[in-house]
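Novice: My structure is below; once you've seen it, I'll send some questions.
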Number of protein chains: 2
Amino acid sequence: MEPQNPTLSVTVMKIGVLGSGSVGRSLGKGFASNGHNVKIGSRTPEKQEVQDWLRSTKGNVSAGTFSDATAHGEIVVLCCLGEATEEVIRLAGTTNFEGKLVIDATNPLDFSKGMPPGLFVGTTDSLGERVQRMLPNAKVVKCFNIVNNQTMTNPRMKEGLPDMIICGNDEGAKRQVASLLKEFGWGDPIDIGGIEGARWLEAYTALWVRLAMKLGSWSIAAKFLK
Amino acid sequence: MEPQNPTLSVTVMKIGVLGSGSVGRSLGKGFASNGHNVKIGSRTPEKQEVQDWLRSTKGNVSAGTFSDATAHGEIVVLCCLGEATEEVIRLAGTTNFEGKLVIDATNPLDFSKGMPPGLFVGTTDSLGERVQRMLPNAKVVKCFNIVNNQTMTNPRMKEGLPDMIICGNDEGAKRQVASLLKEFGWGDPIDIGGIEGARWLEAYTALWVRLAMKLGSWSIAAKFLK
């Protein structure tokens, strides 16, 4: 995989990716291809899909437990299933997140009634806010949750460049996320304010799933025309 | 106002617009400019803003009570404030909606904590579903609620044509809405299924308000890139 933006000069960061599903593998590969030092965290880092990912991914990559990956990261990226997010944070050890930028790409999707999913929390609370409450000394930024994993690291589409939307309570953390997004080829993200904006970014995903099912493509992404 | 699409041959319909605020006036003017017979409904149809609208709007327009406008319409368009919607339907008389296409452009925005608004119902229910439950023999289609009133009837933007998303339980009613949208210059709407999709279209609006505030434009609208 080529760096998304080879002309950009990148400060190498240690990045902990929590979750070895398709989102974690895709974002982990993307960060590694941009030169970052990535440790992917899993309940069972010895399992085949993690080992295959390590073998097939170029760059500085390693795997470990959720706790290992969180301790490793100067930046921690939450890529686990929505319903597992809070347990994953407990397994990772909340003290391992202190003072760090936490990029939250999770969605509280509720598949208990099949497809398309609902949300198990929404409109008066969000998974992003729950994560920030669990980690009061971390800097949580909601990001990446509104597109599928391939678009996350390769946003350019034939019709143009879609928009990424972020929110979080810390301005510096959001600037750092904007810079990481630029490495992947995104434009300036739209910052909708504090972490409570996650209510609407998460609810948007329930709409996105329905649009994707209708349009027959999981790579759809929104561009906001002015 | 020129018809949005003067080359299209239009079947003239009687349209009842419930609500004389900016959305109702804009949609009412749009339908009238496409040749339809529009009656706008208000609690107080004699008030200045309704009378000014009647004087300034070309075409076949009239005003009356909510009940008058609903009885008039072969198609009824809900354009009232979200919090007033259920009361407006009761004032209009639920039997006046029997068997009719009802286009629901409302949003359950909750401004009780100021700007930007939350939603007073969401994720497990929606105002669209509440409307359909109140009017079991009407054909409710959620439409127009995801853009501002000027974009509703003039969707073309300098960066291109945004997407309209609709949902509802009746296929014929949705085809009829698609045809009305075409008169305004929209492309084929994206149909996300039954009226329960309103949960996500309404939640999307809370995101849209935040994007609009951030981007400094109330005319932003999403185009879904594939």
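Throughout, read-outs are computed from the coordinates displayed, never taken from laboratory work. If you're wondering where the values come from, they're calculated on a predicted model, not measured in any experiment. No Cβ is skipped: glycine too gets one built from the backbone with ideal geometry, and neighbour counts run over all protein chains shown.
Novice: Quick check of the Kirkwood formula: for the range A:68-107, what is the inverse mean of 1/r over all pairs of different Cα atoms, in Å?
Specialist: 10.2 Å
Novice: Next question. Whose amide H sits under 5 Å from the amide H of A:S62, counting only residues 5 or more places off or on another chain, with H placed in the peptide plane?
Specialist: Here the answer is A:V38, A:K39, A:I40, since their amide H atoms fall under 5 Å of that of A:S62.
Novice: Report, in deg cm²/dmol and to the nearest 500, the calculated mean residue ellipticity at 222 nm for the protein assembly as shown, where each DSSP H run with n ≥ 4 adds -39500 (n - 2.57) and the sum is divided by the residue count.
Specialist: Using -39500 (n - 2.57) per qualifying helix, the result is -10500 deg cm²/dmol.
Novice: Related question: Which GluC sites (Glu not before Pro) in the range B:1-102 sit in a loop by DSSP (not H, G, I, E or B) and have at most 15 other Cβ atoms within 10 Å of their own Cβ?
Specialist: B:E46, B:E74, B:E98
Novice: Something else: Calculate log10 I(q)/I(0) of the range B:35-85 for q = 0.16, 0.25 Å⁻¹, where I(q) comes from the Debye formula with a single equal point scatterer on each Cα and nothing for solvent.
Specialist: So the normalised log intensities work out to -0.45, -1.04.
Novice: Stick to the Cα atoms of the protein assembly as shown, pair each with every other, and give me the Kirkwood hydrodynamic radius in Å at one decimal.
Specialist: For the protein assembly as shown, the Kirkwood estimate is 23.2 Å.
Novice: Which value, in nm² and rounded to one decimal, describes the direction-averaged projected area of the C-alpha convex hull of the range A:113-217?
Specialist: 7.3 nm²
Novice: Another question about this same structure. Compute the Rg/Rh shape ratio of chain A: radius of gyration over Kirkwood radius, all on alpha-carbon atoms.
Specialist: We get a ratio of 0.93 for chain A.
Novice: A:Q150 to A:L91: FRET efficiency via 1/(1 + (r/R0)^6), r the Cβ-Cβ distance, R0 30 Å, to the nearest 0.05?
Specialist: Numbers: r = 27 Å, r/R0 = 0.92.
Using R0 = 30 Å, I get an efficiency of 0.65.
Novice: Could you pull out every whole DSSP H run in chain A that spans at least 15 Å of Cα extent along its own axis and averages -0.5 or higher on the Kyte-Doolittle scale?
Specialist: Qualifying helices, which must be both long enough and hydrophobic enough, are A:22-33, A:171-184, A:198-215.
Novice: For chain A, set up a Gaussian network in which alpha carbons nearer than 10 Å are linked by springs, and say which option among A:P155, A:P45, A:P108 fluctuates the most.
Specialist: Result: A:P45 has the largest fluctuation of those listed.
Novice: Here's another thing I want to ask about it. Roughly what would the spin-label model give for A:K226 and A:N137, points 7 Å off Cα along C-beta, in nm?
Specialist: 4.0 nm
Novice: When a/c reaches 1.5 or more, the comparison of a/b and b/c decides; with that in mind, is the range B:76-167 rounded, prolate or oblate per its Cα gyration tensor?
Specialist: Note, shape of the range B:76-167 comes out oblate.
Novice: Using θ = phi - 60° and the Karplus relation 6.51 cos²θ - 1.76 cosθ + 1.60, list the HN-Hα couplings for the range B:135-142 in order, rounded to whole Hz, with x at every Gly or Pro.
Specialist: 10, x, 9, 9, 10, 7, 10, 6
Novice: Now a separate question. Under 28 Å from the Cα of A:K39, which lysines turn up, not counting those fewer than eight places away in the same chain?
Specialist: Once the sequence-local lysines are set aside, what remains near A:K39 is A:K14, A:K29, A:K47, A:K58, A:K100, A:K139, A:K142, A:K174, A:K182.
Novice: Using 7 Å Cα-to-Cβ label points, what is the B:L54/A:E171 separation (nm, one decimal)?
Specialist: In this crude spin-label approximation the distance works out to 5.3 nm.
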